[in-house]
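A short write-up of the structure that comes next.
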Amino acid sequence: MHLLETTSGDTTDGQEIVASVSDPPRFGQVFDRHVDSIYGYLCRRVGHMCAEELTSETFARAFDGRDRFVGEDALPWLYGIASNLVRHHARAERRQLAAYARVASQDARDQVDDGVEGRMDAAAMVPALAEALRRLRPDERDVLLMHAWQGLSYRDIADAQGIAVGTVGSRLTRARATVREVLRERGQLREGRNDG
């Protein structure tokens, strides 16, 4: 579960955002607290080149909409904005996943030459995982990556996506089923193993 981050003055994100409506530089505290998390998430989603632009856009939109923010922890709200921006850059994301799959396939072949079996097994899974991510619906991909990469709780994901907690669970279940299916198709998952 995400822990509420505070500054040395123990103010919450919500307090800083409310204060920033009349004193805009106060929004910088929220930026400083969360820019690394948002940038890291976006790097994984769209690559470094697009992540810088989308991180800036995420915080610009958050700043513009700060008068409508309700709550104390801004991170789920920021993830929601970032995910919406990623949806608008879906073609770039599909290209990134295809590139991951190509590079990972080459890396897996190269690992055979190295003779390092454990690394080879892990490297061999990367193309299958990239293919699984490509097959997911965008809403399922968002939920899975927020949970797996960012470690967000179901509640935080629900807040970020503006959906019910039960919907988060349903989307994660479907996403995991798709990942298992692709891993089985590619021989990366042994039949009879309990993966769920």
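All of the numbers you see were taken from the coordinates with simple rules; none came from a lab. Computed from a predicted model, the values in this text were never measured in an experiment. Because the Cβ atoms are built from the backbone with ideal geometry, glycine has one as well, and the counts that use them run over all protein chains shown.
Applying 1/(1 + (r/R0)^6) with r as the Cβ-Cβ distance of residue 36 and residue 184 and R0 = 35 angstrom yields a FRET efficiency of 0.45.
In this rough spin-label picture, where each label sits 7 Å from Cα along the Cβ direction, the residue 11-residue 48 distance is 3.4 nm. Taken along the Cα-to-beta-carbon direction at a fixed 7 Å, the label points for residue 21 and residue 174 span 3.6 nm. Reported to the nearest whole Å, the Cα centre-to-centre distance from the range 130-162 to the range 15-68 is 19.
Applying 0.36 nm per residue to the separation of residue 60 and residue 72 and subtracting their alpha-carbon distance, the gain on full extension is 2.4 nm.
Volume per residue of the convex hull around the Cα atoms, evaluated for the range 37-83, comes out as 56 Å³.
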